[in-house]
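Engineer: Okay, handing you the structure first.
The values are calculated or read from the model by the stated rules, or taken from the named source; none is laboratory data. Everything quoted here is computed from the prediction, not taken from an experiment. Note: ideal-geometry Cβ built from the backbone for every residue, glycine included; neighbour counts use all protein chains shown. Only protein heavy atoms, including side chains, enter the accessible area calculation; ligands, DNA and RNA are left aside. Shrake-Rupley method; radii C 1.70, N 1.55, O 1.52, S 1.80 Å.
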Amino acid sequence: MNLPKTVGVVSLGCSKNRVDTENMLGILAKAGITPVADPAKAEIIIVNTCGFILPAREESIDAIFDMARYKTMGTCKLLFVTGCLSQRYPQALKSEMPEVDAILGVGDYPRIVEAIEEALKGEKPVYTSSRERFFECGRVLTTPGYSAYVKISDGCDNRCSYCAIPLIRGSYSSRPYDDAVNEMNRLAKGGVTEITLIAQDTSRYGNDFPGGKTLLAQLIKSACSIDSVKWVRTLYCYPDTVDERLLDVIAGNEKACNYLDLPLQHINADILKRMNRRGSPEYIRRLIDECRSRNIIVRTTMMVGFPGETDEQFEELMEFVEQARFARLGAFTFSPEEGTPAFDMPGQIDEDVKKERLDRLMTLQRGISASINASRVGSVEKVLVEGRRGSKCYGRSSLEAPEVDPSIIFTPVSDHSPGDYVFVSIDSSSDYDLYGHESGGDSD
Ligand code: SF4
């Protein structure tokens, strides 16, 4: 059967979904199907969707319609939809989008070539039943060659009352330790120097293995022990599995970025309880202090407008954020998700009130970010170069995660390529970005 020669992909949602995209491209590459950047040149287009909240679903549906145009005006023969929206609403997608040729769920990627063969026969396959999680199939990176995400587990057992992810990704499962380490070594051999460990719940890693001990601290050590790896960062931790052992490994290892992504969602005890989040306000405050005492910066995510959130409870959140002074904070409004306990909880908050609370929180955070940035003026930072803008270069220090955090923009003294590490003296700052000049000599 004449398989398509080229594939175009739209990868939406989180970094975990991006790793799935890269695994799919790895499977297709083995079947002789080459990725192309321009969808107009792709014989098969895959939209790897996100489906956990309404805005993400809308973005995914728009992308599918957008790519469907190439079936009439480009070389595209097949349009595939994969990812969380497929896993959550396969039949609705099939019935409402006739332009889609196949639908694959989050565990069915190994069947993608089989799906292509079926689709070429006009079958319109829908595969969403597999619960397979990890595919050791030679990823094709879509991140710059010096940086890669490593997914170390999938699914989630925390069952936060507002979250649909366990309904989509299923229960928690750690990736075999050796598979994760082997992949990190493969990536390092391929030129990756920055590794970002990801999952829905990264800090729980390993506790479903015999013995039940969390192994994230050990895994970070394994990653740091790879010679050519320079930075190891951890995202998506859950408060009550972040212990002193983990913080000591992060703080005590030069290659481990002093950076912890710790979505907290709220600080009010009643709200946390109704969100079904473990970790009391006292525990959370202590944890933030533990991070601060080790010079580990915290990125967090907050939710405003959870059902029943009173003005007082929101003010309590504002006070906490003012005191905690997070280096990085993102926030979003509560989105009622079908199938979750919070979907029809009483006390649903008006959208305008949610929006107003979100604006107030992000305005507060902008000020905090500006003052934290100002405190970095005068420092010399090791910067991973990501590119050029005119005469300037831009990049990140170990305190900025890829894709989600601001940049350091600097005047170089010589030519640099993306992936180089250089020292930069910070001369000035804005609310989010830092500005400086290269202070001579490659850092490595
Ligand atoms: S920790 Fe909570 S919010 Fe995060 S994926 Fe799990 S259930 Fe969802």
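Engineer: Enumerate the amide H contacts of Ala331 below 5 Å, restricted to partners 5 or more residues apart or on another chain; note that Pro and chain-start residues carry no placed amide H.
Structural biologist: Answer set, sorted by chain and number: Met302.
Engineer: Under 16 Å between alpha carbons, and skipping anything fewer than 8 positions from Lys121 in its own chain: which aspartates and glutamates qualify?
Structural biologist: Reachable aspartates and glutamates: Glu43, Glu99, Asp101.
Engineer: Among the listed pairs Lys16/Lys392; Lys71/Lys151; Lys151/Lys392; Lys41/Lys230; Lys273/Lys354; Lys16/Lys71, which are separated by more than 26 Å between their Cα atoms?
Structural biologist: Result: Lys16/Lys392; Lys71/Lys151; Lys151/Lys392; Lys41/Lys230; Lys16/Lys71 exceed 26 Å.
Engineer: Something else: Can you bin segment 136-177 into rounded, prolate or oblate? Criterion: square roots of the alpha carbon gyration tensor eigenvalues sorted a ≥ b ≥ c, rounded for a/c under 1.5, prolate for a/b above b/c, oblate for the rest.
Structural biologist: prolate
Engineer: Per-residue HN-Hα couplings for segment 185-194, Karplus 6.51 cos²θ - 1.76 cosθ + 1.60 at θ = phi - 60°, whole Hz, x for Gly and Pro?
Structural biologist: My calculation for segment 185-194 gives 5, 4, 4, 5, 4, x, x, 6, 10, 10 Hz in order.
Engineer: How many percent of the accessible area of the chain is carbon or sulfur, using a 1.4 Å probe?
Structural biologist: Whole-percent figure for carbon plus sulfur exposure: 52.
Engineer: What residues qualify as long-range amide H neighbours of Thr196, i.e. H under 5 Å apart, gap of 5 or more or another chain, H built at 1.01 Å from N?
Structural biologist: Ala148, Tyr149, Val150, Arg233
Engineer: To the nearest 20 debye, what is the magnitude of the charge dipole of the chain about its Cα centre, counting +1 on the Cβ of each Lys and Arg and -1 on the Cβ of each Asp and Glu?
Structural biologist: 900 debye
Engineer: Still on this structure: At what distance in angstrom do the alpha carbon centres of segment 221-286 and segment 66-137 lie from each other?
Structural biologist: 36 Å
Engineer: Counting each DSSP H run of 4 or more residues in the chain as -39500 (n - 2.57), what helix-only mean residue ellipticity at 222 nm follows after dividing by all residues, to the nearest 500 deg cm²/dmol?
Structural biologist: Here the helix-only value at 222 nm equals -10000 deg cm²/dmol.
Engineer: Given 10 Å bins starting at zero, what is the percent of C-alpha pairs of segment 278-378 in each, up to the one with the largest pair distance?
Structural biologist: With 10 Å bins starting at 0, P(r) equals 14, 41, 32, 12, 2, 0.
Engineer: Let me ask something else. How many percent of DSSP beta bridges within the chain run antiparallel, rounded to 5?
Structural biologist: 35 percent
Engineer: Per residue, how large is the accessible surface of the chain? Use a 1.4 angstrom probe and give square angstrom.
Structural biologist: Heavy-atom SASA per residue in the chain reads 40 Å².
Engineer: Only Lys, Arg, Asp and Glu count, each charged at its Cβ (+1, +1, -1, -1), so figure out the dipole size of segment 1-94 about its Cα centre, rounded to 20 debye.
Structural biologist: In total the dipole reaches around 260 debye.
Engineer: Now for a separate question. Quick one: which residues, 5+ away or cross-chain, put their amide H under 5 Å from the amide H of Gly206? H built at 1.01 Å from N.
Structural biologist: Ser174, Leu215
Engineer: Between Glu132 and Lys189, what's the calculated FRET efficiency when r is the beta-carbon distance and R0 is 22 Å? Round to 0.05.
Structural biologist: 0.30
Engineer: Oh, and also: When the dipole is taken about the Cα centre of segment 171-284, and only Lys, Arg (+1) and Asp, Glu (-1) are charged at their Cβ, what size is it in debye, to the nearest 20?
Structural biologist: The dipole of segment 171-284 has a size of about 160 debye.
Engineer: Might you list the cysteines of the chain that have no disulfide-compatible partner by the rule of another cysteine's Cβ under 4.7 Å?
Structural biologist: By the Cβ distance rule, which asks for a partner under 4.7 Å, the isolated cysteines are Cys14, Cys50, Cys76, Cys84, Cys137, Cys156, Cys224, Cys237, Cys257, Cys291, Cys393.
Engineer: List the GluC sites (Glu not before Pro) within segment 299-384 that fall in a DSSP loop (any state other than H, G, I, E or B) and whose Cβ has at most 16 other Cβ atoms within 10 Å.
Structural biologist: Qualifying residues, ordered by number: Glu338.
Engineer: Got a sec to turn the phi values of segment 338-350 into Karplus ³J(HN,Hα) couplings, 6.51 cos²θ - 1.76 cosθ + 1.60 with θ = phi - 60°, whole Hz, x for Gly and Pro?
Structural biologist: Listing the rounded values in order: 3, x, 9, x, 6, 3, 10, 5, x, x, 4, 8, 5 Hz.
Engineer: Counting only other residues whose beta carbon sits under 11 Å from that of Pro144, what net charge do I get with K and R as +1, D and E as -1?
Structural biologist: With Lys, Arg at +1 and Asp, Glu at -1, the net is -3.
Engineer: Residue by residue, what Karplus-based ³J(HN,Hα) values in Hz, rounded to whole numbers, does segment 301-314 have, using 6.51, -1.76 and 1.60 with θ = phi - 60° and x for Gly and Pro?
Structural biologist: Here the 3J(HN,Hα) series is 10, 10, 10, 10, x, 5, x, x, 5, 8, 4, 5, 5, 5 Hz.
Engineer: Given just the C-alpha atoms of segment 26-139, how large is their convex hull per residue in cubic angstrom?
Structural biologist: Taking only Cα atoms, segment 26-139 has a hull volume of 105 Å³ per residue.
Engineer: Let me ask another. Taking a ≥ b ≥ c as the square roots of the Cα gyration tensor eigenvalues, with a/c under 1.5 meaning rounded and otherwise prolate when a/b beats b/c, else oblate, which class fits the chain?
Structural biologist: The shape class here is oblate.
Engineer: Something else now. Pull out a ≥ b ≥ c, the square roots of the eigenvalues of the alpha-carbon gyration tensor of segment 106-187, then state rounded if a/c is under 1.5, prolate if not and a/b is larger than b/c, and oblate in the remaining case.
Structural biologist: Oblate, because a/c is 1.5 or more while a/b does not exceed b/c.
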